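Structure first, then comments.
The values are calculated or read from the model by the stated rules, or taken from the named source; none is laboratory data. All of these numbers come straight from a predicted model, not from anything done at the bench. Backbone-built Cβ (ideal geometry, glycine too); neighbour counts: all protein chains shown. Heavy atoms of the whole protein, side chains included, go into the accessibility calculation; ligands, DNA and RNA do not. Shrake-Rupley method; radii C 1.70, N 1.55, O 1.52, S 1.80 Å.
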Amino acid sequence: MLEGITFAVRTRKYCGGGSIDIVIRNIPQEWGYTTGVEDRGNERRTATAALKALLDELRPVHGADNYDGSDLRTDHFDVNYYGGVRAEQPEGWAGSI
């Protein structure tokens, strides 16, 4: 069911570091998202277990060459890069995964 899904990798360099972002695009609505109703009657879309599993599989790939020597107690940030893995949101969708 992954037919049509694409992956984009974007790198950015900026003062003080850089980032690598992996974005999953063209996710079929019926495969990637379910729709339900919240307590207040608002529609809520959430990621399916299949989409969450795909995101979980990509996270170790994203972090393979990264390190984190940061020390938040002293406000010292030392990482190879920032960024993450995310799914592109369908049009009109405002939720997060």
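Overview of values
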{"item": "Selection count where residues are among the β-branched types (Val, Ile, Thr) and farther than 21 Å from Gly4 by Cα, scope the range 32-58", "result": "2"}
{"item": "All positions within the range 19-63 that are open to solvent by 40 Å² or more (accessible area, probe 1.4 Å), at pLDDT 90 or above and not in a helix (DSSP H, G or I)", "result": "Ile20, Arg25, Asn26"}
{"item": "Subset of the range 64-97 that is touching a strand residue (DSSP E or B) at 6+ places or on another chain (Cβ under 6 Å) and of a type in the set (Val, Ile, Thr) - its residue that is modelled with the highest pLDDT", "result": "Val85"}
{"item": "Members of the range 64-89 that are more than 12 Å from the chain's Cα centre (by Cα) and either within 14 Å of Thr11 (Cβ to Cβ) or surrounded by 14 or more Cβ atoms within 10 Å (Cβ to Cβ) (or both)", "result": "Asp65, Asn66, Val79, Asn80, Tyr81, Tyr82"}
{"item": "Flag if Tyr33 is in contact (Cβ under 8 Å) with a residue 60 or more places away in the chain and hydroxyl-bearing (Ser, Thr, Tyr)", "result": "yes"}
